[in-house]
Structures are given as C-alpha cells and as structure tokens.
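To start, the structure under review is shown below, and the notes come after it.
The values are calculated or read from the model by the stated rules, or taken from the named source; none is laboratory data. Please read all numbers here as calculations on a predicted model, not as lab measurements. In this analysis, Cβ positions are derived from the backbone assuming ideal geometry, glycine residues included, and neighbour counts consider all displayed protein chains.
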Amino acid sequence: MASDNIKELSPLREKIHEVIFEADTSTGKAFDVILLIAIVASLIVVMLESVEVLNVEYHDLFFVLEWGLTIFFTIEYTLRLYSVRKPMKYATSFFGIIDLLAILPAFLSLFIAGTHYLVVIRTLRILRVFRIFKLTKFLKESSLIMNALRASQAKITVFMVFVVLMVTIVGSIMYLIEGGTEGSGFTSIPRSIYWAVVTLTTVGYGDIAPRTEIGQFLAAVVMIMGYAVIAVPTGIVSAEMVNSTNLEDEHKFDEVSTQACRSCSRDGHDHNAEYCKFCGEELNH
C-alpha cells in the first residue's frame, strides 16, 4: 500500500498542506473561505470589466484588482504543488488542472487580447465549497451522477453515432429535395446537415426552411423525431442513476471525511480509512 521510499513532508510543507488542503482545521477553513471570496471577487471584476461604460471609467482599478487576484492564485497554486509529495499527481488531477486553467488566461492576455475573460473558469473552483462546509452528502450525490454518466458512456456514444448518421442522411435527402428551390437556403449538403441538426434538436433558428411540400413533410417528421432525441439519453442516464442509487443503498456507504491525501491531494475518504483509496498512500490522522 504505502510506499516506504516516500519521504515525510518537512514541517513547513506539512503546515502549508494543512492550511491549503485541510478543511477540518480552523486555519484551513479560514483559508478556503478567503479563497472562495477571492474567486467570487475575480469573477465580479471580469463581468464588470466587460461592461463598456464601467470599463472606460474604472479600467485602471479593474486592471489592478484582476492582476492582484491573479498573483494571489498563482502563489496559491505554487504552494499547492510545493506542499504535496507528488506534485505531478496533483497537477494532473481534476482540481489541479482547474487551478492551472484559472491563472493561465490572465497570462495569455499578455499575448492574445481578450483571453483574460476566460478566467470565468475559476467558477469551477467553487466546487470546493462542498468540502469546506462539510457538505459530504452533496459530494456523494455528485459522485453518483458521475458514476451514472460513466456507466452510460457506451450507450450514449452509440446513440450519438446514430444521431450523426441520421442528420447526415436527412440533410442529404433534404438537399436533393430543396437544393434547386430558390430561397430555401439548402445550397449544399453541409448546410442541409446543419439544418437537420438544428431541427432535430428542436432549436429551430428558422434561417433555413423548406419550400416544397415534400420538404415540409420531411421537416415535420424530423421535428417529431426530435422529441425522441431528447428523451433517449435522459432515460439512459436516469436508469443508470437508479441503479447507482440502489447499489449505494445496499452497501450503505460510510460518511466521508474532508481529509486530503498528502501524496495525491484527493479527499473523500471514509472516516476510518488508513490509506488513500486513490493512490494507496498512508493517511495522516
């Protein structure tokens, strides 16, 4: 299980890890609350900056706030990497990637104008609120949804392939029917496939519409089929969620803790767990 050649964290790294990753301590919870406030503040700054009138009047203020928060998030990300045993494991984890993407847009804006608006990715970091306030019930529910999506992946993939084939065939047939009709908009097969996608998904922009009676009849059939397209994947995922719920009820999973592993920095372990269920390293209690 635990690797004997993994060195213990130094007292400084251990303290940083406790503050940044742990939500069970007062300092850890305080840091995470400050982090959430900073995330929300950065999003508000970006949204206000996109309002032209406000940007003209408060551009300098927005610039200072945005870069101040970016520097804070950069230091925080660096400390996260420093305080774990295996930095690459954290860097390639879900939250590690999100943390990196949260700071990259600001630096990219130095070379590509406008990319700083992509910092809205920071909203995903608010998912940590479930851990901070010990809303472990929500953690389990989100895990249930993810498991259902993973279990449905093969079925949904087959269904999506069928939908792609369907819109390709319908689009091609509609091009044959409406291609020579003036003002219909079916000027090519790709454009006709675009119409088929828009119609099948019940979006219906109305920028392209059939003019002939046969074309209108085919359009009506595609519109009706659109309801099935919406219902099928929903039913697949719902069925898998029911199966996952039944499995959870059978096993009666223990309440999970918010303790983070020193090696991979992932949490969600059982309260009595001695080893990380993700990487096998020993947990510090």
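Structure summary
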read-out	value
Residue within region 17-36 that is within 20 Å of the chain's Cα centre (by Cα), in the same structural domain as THR123 (by TED's automatic domain parsing) and surrounded by fewer than 17 Cβ atoms within 10 Å (Cβ to Cβ) present	yes
Residue selected from region 108-147 under the condition modelled with pLDDT under 75 and among the small types (Gly, Ala, Ser), by the criterion farthest from VAL45 (Cα to Cα)	SER143
Test for GLU57: is it at pLDDT below 90 and either over 29 Å from CYS279 (Cα atoms) or out of contact with any Leu (no Cβ under 6 Å at 6 or more places or on another chain) (or both)	no
Scope region 34-46; condition touching a Phe, Trp or Tyr at 6+ places or on another chain (Cβ under 9 Å) and either of a type in the set (Asp, Glu) or over 18 Å from LEU81 (Cβ atoms) (or both); matching residues	ALA38, ILE39, SER42, VAL45, VAL46
Region 179-200, residues that are touching a helix residue (DSSP H, G or I) at 6+ places or on another chain (Cβ under 6 Å) and not in a helix (DSSP H, G or I)	SER184, PHE186
Output for region 75-89, where each listed residue is buried (at least 16 other Cβ atoms within 10 Å of the Cβ), among the hydroxyl-bearing types (Ser, Thr, Tyr) and more than 22 Å from LEU118 (Cα to Cα)	SER83
Flag for ALA196 being without any contact (Cβ under 8 Å) to a residue 24 or more places away in the chain and either not polar (S, T, N, Q) or not assigned by TED's automatic domain parsing to the domain that holds LEU124 (or both)	no
